[in-house]
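A short worksheet on the structure shown next.
The values are calculated or read from the model by the stated rules, or taken from the named source; none is laboratory data. Fair warning: this is a prediction, and the values are worked out from it, not measured in the lab. All Cβ positions, even for glycine, are placed from backbone atoms using ideal geometry, and neighbour counts span all protein chains on display. To get the accessible areas, we keep the full protein, side chains included, count just its heavy atoms, and leave off ligands, DNA and RNA. Shrake-Rupley method; radii C 1.70, N 1.55, O 1.52, S 1.80 Å.
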Amino acid sequence: MKKFGGSKIGYVDLFAGPGVYDDGTESTPIKILKKAIADPDLRSMLVFCFNDVNPDFAGRLEKQISSIPEIKKLKTKPVVWNQDVGEKIAQMFSAMKVLPIM
């Protein structure tokens, strides 16, 4: 992305899961965050928005994110929401600054 002149890119997961499942398997957000932290370009460019409608999953994900070693290396702190995917989420995104999202 840097070679194309961009400085930020968003990563959104609207069905993020609990961070780590009961069997110990990491959910996608944790895997993505760890990869981003390991890459100096990614950790400065990526903006993370995670959501899960299950309040237990959203809370567990927040705890898992905060327990990642070196999480503070990310330029932007990941955001975790607990919302139904629908109009409210759409409004939250429309209120944000526009940036490429994957």
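Listed values, structure above:
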{"read-out": "Scan of region 54-68 for residues that are surrounded by fewer than 16 Cβ atoms within 10 Å (Cβ to Cβ) and under 19 Å from G86 (Cα atoms), ordered by number", "value": "N54, P55"}
{"read-out": "Identity of the residue in region 5-29, in contact with an Asp or Glu (Cβ under 8 Å, 6 or more places away or on another chain) and β-branched (V, I, T), that ends up least open to solvent (accessible area, probe 1.4 Å)", "value": "V20"}
{"read-out": "Residue in region 55-69 that is farther than 16 Å from P18 by Cα and over 11 Å from the mean Cα position of the chain (by Cα) present", "value": "yes"}
{"read-out": "Residue pairs meeting the criteria (Cβ under 7 Å; at least 6 apart or on separate chains; first closer than 19 Å to V80 by Cα and basic (K, R), in region 1-26; second modelled with pLDDT of 90 or more and open to solvent by 40 Å² or more (accessible area, probe 1.4 Å))", "value": "none"}
{"read-out": "Unique residue being open to solvent by less than 80 Å² (accessible area, probe 1.4 Å), in contact with a Phe, Trp or Tyr (Cβ under 7 Å, 6 or more places away or on another chain) and at pLDDT 90 or above when the list is I37, I71, I32", "value": "I32"}
{"read-out": "Region 78-95, subset over 20 Å from D56 (Cβ atoms) and surrounded by 12 or more Cβ atoms within 10 Å (Cβ to Cβ), residue modelled with the lowest pLDDT", "value": "F93"}
{"read-out": "Residue count for region 13-37, restricted to those that are in a loop (DSSP other than H, G, I, E, B) and under 14 Å from E62 (Cβ atoms)", "value": "5"}
